[in-house]
Structure formats: structure tokens, C-alpha cells
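Written below as C-alpha cells is the structure these notes are about.
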Ligand code: GLA
């Protein structure tokens with residue numbers, strides 16, 4: 001009987017691009033997950049059900065040194081970190097998280113693979129988060145924050161997780177009833193995405209230095225710098241959103257989502273026409289409380305907070321509108337706040 005390990009993707013409700021600025025984020029783990037099964041094998045090998053491919057990662061049982069510019073780099077990075085010194089495995093990856101959609105397909109892959117390599121050996125959850133995050137920054141080379149790996153491990157059914165990325169502490173935020181979280185996938189990822197991410201990381205560091213603070217988390221005035229202005233205002237919005245959540249104020253939550261989108265579009269400049277269109281359309285739909293882009297931007301997904309009874313009609317309306325405008329069928333997923341990795 002092969003062993004089976006699972007880690008979810010995520011949707012960030014609010015707090016975008018704040019994680020690598022030591023700020024606040026409020027993601028949920030979702031019911032779309034990556035599953036990895038393991039079987040003993042003579043070499044480290046991986047099969048992806050989605051890519052329909054099997055690849056060998058080791059020679060004489062030792063995982064390779066170098067990246068290949070291929071999806072298996074994530075696997076190799078995790079195997080090097082968590083699998084060295086143990087007998088090789090054949091890993092079978094089956095993921096329901098759409099690849100490259102901004103729903104954290106890579107973190108869910110990395111976390112489930114790490115658990116697979118450990119095969120039930122206990123690990124403190126925060127150590128798991130930090131080491132998987134390190135694979136992403138040091139081996140893959142993406143200077144990302146800690147949100148995606150964190151929520152994939154610490155997600156909780158029915159809750160969002162408020163993460164303070166400076167202290168790396170979090171607390172659970174119960175979510176109000178009567179709403180649906182509708183994720184709409186633009187089905188595009190503009191080429192700019194990866195390079196712009198690194199550029200924003202550098203711009204924020206430069207702004208922090210110019211403002212005389214160690215990170216933009218510490219900044220209170222932006223001095224007219226738009227990137228800093230986004231981070232300062234977004235951190236405040238996360239805390240306001242949590243307060244609105246606690247008093248069940250869906251209208252206020254929705255307005256904060258729209259404000260977040262505007263800030264990401266105007267001050268942070270990580271949106272794109274497809275995402276702006278989805279958010280504008282959502283704003284016109286009576287049952288929608290709020291909507292925004294979610295994740296890194298330049299494509300990927302938007303999330304809408306929708307009155308439960310209106311969600312089906314909303315899905316149809318937004319699908320038709322997007323098809324009419326861009327000639328492409330958007331992916332639409334109604335996600336539920338779910339438990340983290342197991
Ligand atoms: C990507 C990164 C995260 C975070 C978001 C933007 O998903 O992996 O760490 O920075 O973008 O909020």
C-alpha cells in the first residue's frame with residue numbers, strides 16, 4: 001500500500017505583496033490540493049499525473065545537484081532538502097491546484113513532497129514551513145515571502161489565518177456564514193510575472209532604505225512613494241478586514257477588497273486588463289460584496305466575496321462577460337476554507 005500525503009493550495013483574502021515586507025496577510029487554504037504517493041524505488045523518480053511524465057532525479061540514489069529549468073526542479077529541491085540520506089522513493093504527484101494560476105500550486109507541491117520524503121517522521125510545523133520556503137528562495141530562486149508555504153501547512157477548516165510575517169506568528173480568524181468565495185481564473189499569466197515580482201521586492205527594499213526603516217512594515221508615511229503607500233495601506237486594510245470579519249460586517253469586508261485591488265492596480269502596478277475587468281464586472285453584480293486580484297498578479301485569479309444565494313448566477317454572469325470580452329473561458333472555482341497539510 002503506497003503512503004499518501006496531501007497539501008492544499010490557497011487563496012489570499014487580503015494582504016497582497018505584504019509578506020516579503022514583514023507585513024500582514026490573510027489567506028485561506030482551499031479544497032484544491034496536491035497529493036503525493038510514495039513507493040520504495042531504486043532511484044528517486046517522480047511521475048506527474050497532470051504532465052503525464054516520469055523523470056529520474058538521482059544517480060546511484062543521490063539526488064542531482066542542478067536545476068534543469070523544468071517542473072521537476074521543485075521536486076529536486078524538496079528531495080535534496082528532505083530526502084537526502086534516506087532510501088530513494090518513487091513519488092507520484094496528482095494535483096487539483098491549477099498550475100500557474102496564482103493559487104499556490106508550487107507551495108502545495110513542495111509541502112506535500114516534503115511530507116512524502118519524511119514519510120510520517122514528525123517535524124515541527126514551523127520548521128516544515130521555513131525549510132520548504134527556503135527551497136523556493138534558495139534552490140528555485142524566487143525571492144518570495146512565506147505566505148504560501150505557511151498557509152498550506154497551517155490552514156484550518158472554516159477559518160482564514162492572519163499571519164504576521166515579521167514574527168511569523170498567526171491566529172485563526174473564523175469566517176462569517178452566508179457567503180461563498182468564488183475564484184475566477186483569467187487563464188492568462190503575463191510574461192512579466194516573475195521578473196516584476198523580483199523588481200517589486202527590490203523596489204520595496206529601496207523604499208524602506210530611503211525611509212530609514214528596516215522593512216516597509218515599519219514605515220508609517222510613504223513620502224509619496226507609491227510602492228510604500230500600497231504596503232502601508234494594505235497592512236492597515238488587513239487588520240480592518242479582520243475586525244470587520246469578527247463583527248460579521250460583509251459590506252465592510254467587501255469594500256476593503258475593492259480598495260485593495262485599486263491599490264494593487266494604481267500604486268503597486270501588478271494588475272492587468274483581465275483582472276481589472278473581472279473586478280469591475282464583479283462590482284456591478286448586486287450579490288457581490290467585494291472582489292480583488294489575489295496572488296502575485298499579472299494574470300492568475302481574482303476572488304469575489306459573494307452572497308451565498310447569488311453565487312450560481314454570479315458564476316454564469318462573470319463567465320459570459322469574460323468570454324464576451326476576451327474570447328476565453330475563465331476557470332471558476334467555488335472554494336471552501338480548508339485544513340492545511342496532512
Ligand atoms: C506570490 C508569492 C507570495 C506573495 C504573493 C503576493 O504568491 O509566492 O509569497 O508575495 O505572491 O502577495
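In table form, for the structure just shown:
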item: Residue match in region 194-202 (condition: out of contact with any helix residue (DSSP H, G or I) (no Cβ under 7 Å at 6 or more places or on another chain) and more than 16 Å from the ligand (Cβ to nearest atom)); result: no
item: Unmet requirement for residue 16, which otherwise passes all of (1) surrounded by fewer than 19 Cβ atoms within 10 Å (Cβ to Cβ); (2) in a loop (DSSP other than H, G, I, E, B); result: (1)
item: Residue identified as surrounded by 24 or more Cβ atoms within 10 Å (Cβ to Cβ) and in contact with a helix residue (DSSP H, G or I) (Cβ under 8 Å, 6 or more places away or on another chain) among 341, 321; result: 341
item: Residue ranges of strands (runs of 3 or more DSSP E) in region 128-195 with at least 3 members surrounded by fewer than 16 Cβ atoms within 10 Å (Cβ to Cβ); result: 169-174
item: Residue list for region 111-135, restricted to those being closer than 20 Å to residue 35 by Cβ and either outside the structural domain of residue 29 (by TED's automatic domain parsing) or within 11 Å of the ligand (Cβ to nearest atom) (or both); result: none
item: In region 90-110, residue nearest to the ligand (Cβ to nearest atom) [restricted to those that are over 17 Å from residue 140 (Cβ atoms) and surrounded by 24 or more Cβ atoms within 10 Å (Cβ to Cβ)]; result: 103
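The values are calculated or read from the model by the stated rules, or taken from the named source; none is laboratory data. Everything numeric here is computed off the predicted structure, so don't read it as measured data. Note that each Cβ is placed from the backbone with ideal geometry, even for glycine, and that neighbours are counted across all protein chains shown.
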